[in-house]
Ligand SMILES: [Zn+2]
């Protein structure tokens, strides 16, 4: 093999590695796997759009706390627990 061919093969190899790295980066990039959301009360997995029920307790002008009541799986509006 002439040195030109060796360089050409070497260059192709580098390009292939770069393309592979870009693909891996896209697959594991942010947004592909959103963090799992679980209910802190019962531990159920929450689907997209499912929200927690909570009461806001205002302590003063600046501070307020949230008292989490539960999710659609463990808390029903009206205070009935299942
Ligand atoms: Zn729950």
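What follows is calculated from the coordinates using simple rules that are stated; it is not laboratory data. This is a predicted model, so every value here is computed, not measured. Note that each Cβ is placed from the backbone with ideal geometry, even for glycine, and that neighbours are counted across all protein chains shown.
The mean sequence separation of alpha-carbon pairs under 8 Å and at least six residues apart, normalised by the residue count of the range 34-73, gives a relative contact order of 39 percent.
For the peptides 16-26, 36-46, the ranking by mean Cβ contacts within 10 Å, running from highest to lowest, is 36-46, 16-26.
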